[in-house]
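Each remark here refers to the structure printed beneath this line.
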Amino acid sequence: MNRYVGVLAPPAATPLDLAMLEDVVDLVADMAMVQACLVVPDGSDPAVAGVVWPGMPVVAVPDRSLGSIVAALAAIGADEAGAVVPDAPDLPALLLGKLHSALTSAEVAVCPAEDGRLVAVAARVPLATWVPACTLDDPVDGLRRAAPRRGLHVGAGWHRVRTADDASRLDPGLEGWEHTRALLRI
């Protein structure tokens with residue numbers, strides 16, 4: 001089974017965006033049984049490519065849609081494709097691993113954000129035809145409405161850091177996220 005997990009590059013490259021992206025890339029790169037890669041949509045800041053590990057694939061996509069991400073990962077050999085947002089630096093790897101485990105009975109598995117959007121998704125390749133056109137910034141409710149019975153697994157949720165106030169949700173007790181922690185001095 002070839003499992004690829006793409007970390008979606010942020011549209012901007014502020015120091016905080018790059019620190020969080022680097023932490024998420026490190027998280028995925030350290031996971032067992034997955035190949036990490038960076039997914040770079042058109043219009044992304046070129047500076048984001050500086051966070052990849054040597055030999056890590058960088059995959060260009062025309063847009064931020066789930067369909068484009070899964071298709072790009074399938075093109076490099078994925079049997080299962082995952083995508084994770086760049087603004088969840090303290091995301092536990094266990095939550096990502098559980099998404100891939102859920103694909104034994106579901107076609108798509110998601111980790112929702114506290115606000116109803118997505119933090120991460122895993123899908124069988126090719127992407128199920130019932131999956132609506134969506135991005136990781138769209139509400140999970142669209143997937144819920146479109147999914148056939150047992151087609152979608154909704155796992156445990158997590159938080160995203162979208163504003164300065166969101167940084168207060170980061171858990172200093174969790175390991176990892178050194179780059180974000182150093183930048184914010186937490």
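The values are calculated or read from the model by the stated rules, or taken from the named source; none is laboratory data. Predicted model only: the values in this text are computed from it and were never measured. All Cβ positions, even for glycine, are placed from backbone atoms using ideal geometry, and neighbour counts span all protein chains on display.
Details
- Scanning region 48-68 for residues that are in contact (Cβ under 8 Å) with a residue 24 or more places away in the chain and β-branched (Val, Ile, Thr) gives 48, 51, 52, 59.
- Among the candidates 89, 112, the residue that is within 22 Å of residue 144 (Cα to Cα) and either modelled with pLDDT of 95 or more or aliphatic (A, V, I, L, M) (or both) is uniquely 112.
- Filtered residue count, region 96-123, keeping only those that are in a strand (DSSP E or B) and in contact with a helix residue (DSSP H, G or I) (Cβ under 9 Å, 6 or more places away or on another chain): 10
- Close pairs from region 69-83: first at positive phi and touching a residue at least 12 places away in the same chain (Cβ under 8 Å), partner in a strand (DSSP E or B) and of a type outside the set (A, V, I, L, M), Cβ under 9 Å, at least 6 apart: 77/4; 77/35
- Residues satisfying the stated conditions in region 141-184, i.e. at positive phi and under 18 Å from the mean Cα position of the chain (by Cα): 176, 177
- Filter result for residue 99 (over 16 Å from residue 38 (Cβ atoms) and of a type outside the set (D, E, K, R)): yes
- Residues of region 140-172 satisfying the condition of being surrounded by fewer than 19 Cβ atoms within 10 Å (Cβ to Cβ) and in a helix (DSSP H, G or I): 141, 142, 144, 145, 146, 164, 165, 166, 167, 168, 169
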